[in-house]
Amino acid sequence: MSTITTEELAATTLLRFATAGSVDDGKSTLVGRLLHDSKSVLTDQLEAVQRASANRGQEAPDLALLTDGLRAEREQGITIDVAYRYFATSRRRFILADTPGHVQYTRNMVTGASTAELTVILVDARNGVVEQTRRHAAIAALLRVPHVVLAVNKMDLVDYRESVFAAIAEEFTAYATELGVPEVTAIPISALVGDNVVEPSAHMDWYGGPTVLEHLETVPVSHDLAHCHARLPVQYVIRPQSAEHPDYRGYAGQIAAGTFRVGDAVTVLPSGRTTTVTGIDLLGRPVDVAWTPQSVTLLLADDIDISRGDLIVPSKDAPDTTQDVEATVCHVADQPLTVGHRVLLKHGTRTVKAIVKDIPARLTLDDLSLHPHPGRLVANDIGRVKIRTAEPLPADSYSDSRRTGSFILIDPSDGTTLTAGMVGESFAAPEPVKDEADDDGWDF
């Protein structure tokens with residue numbers, strides 16, 4: 001494994017990316033090839049893969065085994081869970097999420113891509129764009145992933161023909177553009193033999209673009225949230241009440257977006273009380289300014305009733321609070337989500353009771369059509385919901401902030417995560433649907 005000095009590592013930027021694709025498109029093989037050829041695999045890991053491959057009668061190491069860690073995955077040759085890998089080159093650090101390809105595990109892609117700044121979607125050159133390819137592109141668009149790479153794999157099985165690659169790239173790019181994906185980069189590869197993964201291919205002289213690793217190392221990292229709306233979800237109220245700090249009262253949390261400075265006028269939501277930042281503690285030291293994703297403690301000029309779940313924001317840039325949330329969701333639980341479902345809604349550090357008032361539409365990904373009022377969403381469904389919360393929520397639109405515009409719905413009986421939600425309109429928002437049901441007796 002190549003050695004990177006501490007100074008070199010500190011100077012590099014971080015890219016979070018996810019891989020996705022249909023079954024047997026070669027996702028795990030691509031990830032294994034990427035780790036192997038970039039010399040990011042430890043010797044004992046490679047030896048373990050070589051032994052496992054030999055036991056299965058394979059002459060060459062099966063690099064997919066570097067990520068398919070579950071026994072069931074290795075026996076079936078598929079990816080089931082999201083596999084996270086951490087590696088680095090001299091130019092950038094990476095957190096990689098290898099997500100499953102089966103339709104019944106589509107919800108796992110939501111987990112892997114929810115924090116990604118780039119998604120690599122694989123397509124088998126022999127099969128072209130299929131329904132699951134469109135599903136993954138739609139999820140990437142819903143999650144506002146800023147960069148999408150189309151990796152057309154197994155080019156060696158179609159004799160490295162440029163026409164095959166061009167047709168697939170054109171079809172996918174047209175679909176992704178319709179979804180609103182801002183950037184698509186198509187790369188022809190063969191993960192099995194290493195063409196255009198880390199090293200340029202000797203078999204595709206017609207292609208003059210970057211390899212997968214070169215693109216990952218050079219793509220602009222657009223996750224700089226320091227210039228977005230400042231948001232601090234309060235995680236903990238610190239009151240030592242010690243002889244050294246008898247009157248200390250600080251509000252601790254990780255800055256979700258933006259920048260806070262001493263002297264800023266801030267508002268605490270949902271109460272709406274205003275005050276001023278008098279101090280910022282970072283790692284035990286006072287600082288004048290702090291930004292995302294730093295974990296800090298804010299000191300305020302006034303003693304205000306603030307607790308876990310409250311949101312501290314600039315007074316001049318405060319989001320609206322509401323008890324009526326309209327969102328695009330991906331249902332991830334086995335039990336369906338139905339109209340009238342009582343749930344817990346977790347937004348940032350705040351959890352409130354809520355009820356599903358309406359499910360205006362369910363999205364069909366093959367043609368992006370909307371089926372009005374399906375009444376329920378089942379596992380892997382994407383749809384629109386209207387939710388009424390017991391308490392006001394200061395939620396941003398997901399298009400403005402992926403951190404403070406997202407939430408999850410939880411089953412209050414056992415804590416199961418039911419649904420991942422994104423506040424506001426999606427790429428295919430339905431027309432407003434008038435509520436026919438009344439308050440039906442709920443007191444909120």
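Below are the figures for this structure:
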| read-out | value |
| --- | --- |
| The range 171-195: number of residues that are without any contact (Cβ under 8 Å) to a residue 24 or more places away in the chain and in contact with a strand residue (DSSP E or B) (Cβ under 9 Å, 6 or more places away or on another chain) | 2 |
| One residue from Thr274, Thr278 being among the polar types (S, T, N, Q), touching a Ser or Thr at 6+ places or on another chain (Cβ under 7 Å) and at pLDDT 95 or above | Thr274 |
| All positions within the range 341-383 that are over 25 Å from Pro270 (Cα atoms) and in a loop (DSSP other than H, G, I, E, B) | Leu365, Asp366, Asp367, Leu368, His373, Pro374, Gly375, Val378, Ala379, Asn380, Asp381 |
| Matching option when the condition is modelled with pLDDT of 95 or more, closer than 30 Å to Leu393 by Cβ and either crowded, with 19+ Cβ neighbours inside 10 Å or of a type outside the set (Phe, Trp, Tyr) (or both), among Tyr207, Tyr251 | Tyr251 |
| Verdict on Arg161 being of a type in the set (Lys, Arg) and either within 22 Å of Ser38 (Cβ to Cβ) or touching a residue at least 12 places away in the same chain (Cβ under 8 Å) (or both) | no |
| Total residues in the range 148-163, condition touching a helix residue (DSSP H, G or I) at 6+ places or on another chain (Cβ under 9 Å) and crowded, with 19+ Cβ neighbours inside 10 Å | 7 |
| Residues (crowded, with 22+ Cβ neighbours inside 10 Å and more than 27 Å from Leu311 (Cα to Cα)) located in the range 333-359 | Leu337, Ile359 |
| Any hit, the range 176-191, residues being loosely packed, with under 15 Cβ neighbours inside 10 Å, in a helix (DSSP H, G or I) and in the same structural domain as Ile121 (by the TED database) | yes |
| Subset of the range 245-295 [in contact (Cβ under 8 Å) with a residue 40 or more places away in the chain and among the β-branched types (Val, Ile, Thr)] | Ile255, Val266, Thr267, Val268, Thr274, Thr292 |
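Condition check ((1) surrounded by fewer than 22 Cβ atoms within 10 Å (Cβ to Cβ); (2) at pLDDT 65 or above; (3) in the same structural domain as Glu199 (by the TED database)) across all residues:
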site: Ala18; (1), (2), (3): no, yes, yes
site: His36; (1), (2), (3): yes, yes, yes
site: Thr43; (1), (2), (3): yes, yes, yes
site: Asp81; (1), (2), (3): yes, no, yes
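The values are calculated or read from the model by the stated rules, or taken from the named source; none is laboratory data. Given the structure is predicted, the values throughout are model-derived calculations rather than measurements. Note: ideal-geometry Cβ built from the backbone for every residue, glycine included; neighbour counts use all protein chains shown.
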